[in-house]
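Okay, so here's the structure we're looking at.
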Amino acid sequence: MKTMNHHPRPWQVPLPLLLATVVAWTGTAVRAADDPLPPNGLLVPTAESKARFAELTQEVVYVRRNILGWQRLLTRMGDPTGMALDIDIASLGEEFVTQGNVPPAYPLMGDTNDPPPQTVAAVDNSVLDAFPPIRNQGSQGSCSAFSSTYYQMTHNTALARGWNAKTGGDTFRFSPKWTYNMINGGSDSGSYIADAMAVAADHGAALWSAYPYTGSTGDATPWCLDSNIWQNAISYRMQAHYTISSIHTPTGLSNLKIALDNGYVAGFDSYSPWGYNGWIQGAVSNDPGTTNDTPYIGQQICTHVVSLDWGHAMTIVGYNDDIWCDLNTNGVVDAGEKGALKIANSWGTGWGNGGYAWMAYDALQNETAVTNGPAPGNRVYAIGYGNYASNSRVYVSTARSSYTPTRIGRFTVRHPKRSQMIMRVGKGAAGSAVPSQTWTGAALSADGGSLAFNGTTGSAVTATFALDFSGVTPDRGYQYFIAMQDTLADDQNGELIDFALIDNPSQTIQYVNRATDPGAFSPSTGVASGITAYASIALPLGLGELTDVTPASGLKAGGYTVTLRGTALGNGTDVTNITLGAISAQSIVSQSATQVVIVAGTAATAGVGNVRVFSSSQGIAEQPDGFTYTDNGKLPQVIAFPPQPTRRTSDTVMLLATASSGLPISFSVASGPALITGGTYLSFNGVGNVSITAVQAGNEEYDPAPQVTRTFLVLGNTPFKVQAIALTNNVVLRWTDPMASGISNRTVHVRSSTAGYPLTAASGAFMYTGTNSLYTHTNLTPYQTYYYSIFVSQNGSTFIVPNTIPPAGDPIITSIDDIGQTGENEP
């Protein structure tokens, strides 16, 4: 017998919840007794959990760039058109080259021998529409499920499917309750990341809207009992799990950065953050040599990590090479002090920097690389549980753009102790009593503790679940099984009540119930005590052949007749199920062994799909891609146009998008200060929000594709300049509100010098920051010339002023009542 299983797991004793005393280098690692934090929830890895993690994940040796990754990199290289590179663009989900595969050659520069930069310098994927809002795990130790299911699975699936998980609502976010309640062993005592990943791979996940997470005590043990949610979750099964190792090395960190450049987020485990004394807290310093760190000065950053007895799972959403933390407190930017990863936590927006925190690159080492940097004796690698270089790794899960299971088994069972029940799907030769091939998923596999399905003790509970048959090559001509093993012969019996074999994925091919079809069950009662009970359904080989479908396309409204012709389509009376592209026929008008006439059903969307005829005597006759539902008689198409990052007014961008039809894409400026030349080259003539629309108008074969519009912010590069001579000891500066140019949430910053214009936001004295339209510079030397640079920022993050303002002209002689500058070029 061939068996493919995720083996049952022994559950750990909960980790101690007593705080350890940690003597740390400078920084904060203290939690007030009246400021409770959520439990951590990451169990200490065991040999078994490590083996399971290794089985689930593929080791990455090289990361290719997708469209978004190239756009970000080319912009940094100063060649946003991409014309200087012979670039290799990976499709979404195909970026990770694993061990055993030869990585493609890195693209060579066209006009220089200098290698291209490996990373972008700063990426923040939490601002993408795909990333969900920061949420709080509450009183449950569900960090593994939050990191893997809520943050990473939601984000990476949203990337693949074009969802807006940030503001689109809970129908575009996955529920950590689905995962955590199935992997915590029946008690709120934490879990393993590997188990969360296994559930996502084998069963998918429930949407938050369908199975909401509460985070409350006592809500961590019930399983989902809605078979429709189970069946829908299968369509979100993750594509693959990858491990990027050696994050403490340049190669590992570079691979992680490229994955982040590509838009992904990555999960990891660590000792617990500040509040639990594992992460040592510092503050982002102000590097006088750059303004790129200005929006982040003073934000919380992990300077290093020390060993504790418990851990926590979190998510990496970005990085910034310009973040500086003065790790040795000498006031100088030293080698090794620059750069940090951006981390998303599941402790709500009140933690860290609105729910996020920085982790210094130096913290990735178990020994500081900074002279006189933090070096306590219990310092460990910041990423990875335990002070082992082999654990210094992150994981990235890729998602499918769509997934339709070939065949699903839906079944009803009853058991008082779910930890004694193992469910399997299987198949065997036609007429066989037991399967020769089985598959066991990560869930419903002797787990969940000695509780009923609803998380209670005492009485057995009846529930209906669904499993994907893809693990047993669901072809025809076999007997299909659902198997329920009861692992202990006692008075806590399991009962297998019914079994439905569902095709494509909503058509029930056959259904058996122990009350009406006892011959389909073994034993006929469906009761198991220390044995395995089976229910089986025969799926004939499909001796028939479907040769013609007329018409081969039709409007999605349905209601018209379609004639299916072939051989051995049935015996003339036993055709029971017919689908056109997974849409059930409204009715069967007539049938014979060679022809079946149906009335087409109604499709929600246009699209092409297989045509299937099922009869109990001949099985399934199928014609791949045999019918197309259309909006108006033409074929549908869609546009893939990735989100656009923030741009500068000096940028020139080559727009990249593709249509599923292969037809060319055209672009237009929907709004904002932008120009498109040559069809695809985008440049900017001002600041503010820019919206670009991708269009494919269709042809005689294809419908127009739904237009896709991407909106992003364009930032300026040059400050507004004012030169003034003080007649008294004051100079008054006035400006118009920048919101008049479409810039919201603006803050004005004034810097001054007596030796020329402060050209950057970091040079000169920082005289004023605020939202007023007037500033009075006082205590000046009369008749002294003063130079002012006026900057504007949005949301306190990036300087955004026009780069088209000319330098100031003749000096302006001012008094306390004079306007320092007037005219059209006000900021």
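Assorted remarks:
- Local electrostatic count at Gly526 - Lys and Arg +1, Asp and Glu -1, tallied over other residues with Cβ under 14 Å: -2
- For the stretch 522-532, Karplus couplings with θ = phi - 60° (6.51, -1.76, 1.60), whole Hz, Gly/Pro x: 9, x, 5, 7, x, 8, 10, 9, x, 9, 10
- Contact order normalised by residue count of the stretch 157-233, Cα under 8 Å, 6+ apart, percent: 36
- Annotation: amide H of Tyr478 within the under-5 Å range of Leu539, sequence separation 5 or more or interchain, hydrogens built in the peptide plane.
- Largest to smallest principal axis extent of the C-alpha atoms in the stretch 285-359, angstrom: 37, 26, 18
- Ile323 long-range amide H proximity, modeled H, under 5 Å: Gly339, Ala340
- Estimated Rh, the stretch 233-355: Kirkwood, alpha-carbon pairs, angstrom: 16.0
- The reciprocal of the average 1/r between distinct C-alpha atoms defines the Kirkwood hydrodynamic radius, which for the stretch 474-586 equals 16.7 Å.
- Neighbourhood charge, 11 Å Cβ-Cβ cut-off, centred on Asp129 and excluding it, Lys, Arg +1 and Asp, Glu -1: +2
- Neighbourhood net charge (13 Å Cβ-Cβ; Lys/Arg +1, Asp/Glu -1) for Ser227: -1
- Listed values for the stretch 661-668 are Karplus-derived 3J(HN,Hα) couplings in whole Hz (6.51 cos²θ - 1.76 cosθ + 1.60, θ = phi - 60°), namely 7, x, 6, x, 9, 10, 10, 9, and x replaces Gly and Pro.
- Straight-distance candidates among the lysines for linking to Lys427, with alpha-carbon spacing under 23 Å and chain neighbours fewer than 8 residues away dropped: Lys2.
- Backbone phi angles across the stretch 642-651, fed through the Karplus curve with coefficients 6.51, -1.76 and 1.60 (θ = phi - 60°), yield HN-Hα couplings of x, x, 9, x, 4, 10, 10, 5, 7, 6 Hz in residue order; Gly and Pro are listed as x.
- Translational diffusion of the stretch 531-641, estimated by Stokes-Einstein from the Kirkwood radius over alpha carbon pairs at 20 °C in a medium of 1.002 mPa s, is 148 µm² per second.
- Thr602-Ser216 FRET efficiency (beta carbon distance; Förster radius 51 Å; 0.05 resolution): 0.75
- Protection-proxy order for peptides 358-364, 123-129, each taking the mean of Cβ atoms within 10 Å per residue, highest first: 358-364, 123-129
- Amide proton proximity set for Leu488, modelled H, under 5 Å, gap of 5+: Gly530
- Percent of C-alpha pairs per 10 Å bin, the stretch 407-539, short to long: 14, 47, 32, 7, 0
- With a Förster radius of 56 Å applied to the beta-carbon distance between Asp625 and Gln492, the computed FRET efficiency rounds to 0.70.
Rule-based calculations on the coordinates, nothing more; no lab input. Values in this document were obtained by computation on a predicted structure and should not be read as measured data. Note: ideal-geometry Cβ built from the backbone for every residue, glycine included; neighbour counts use all protein chains shown.
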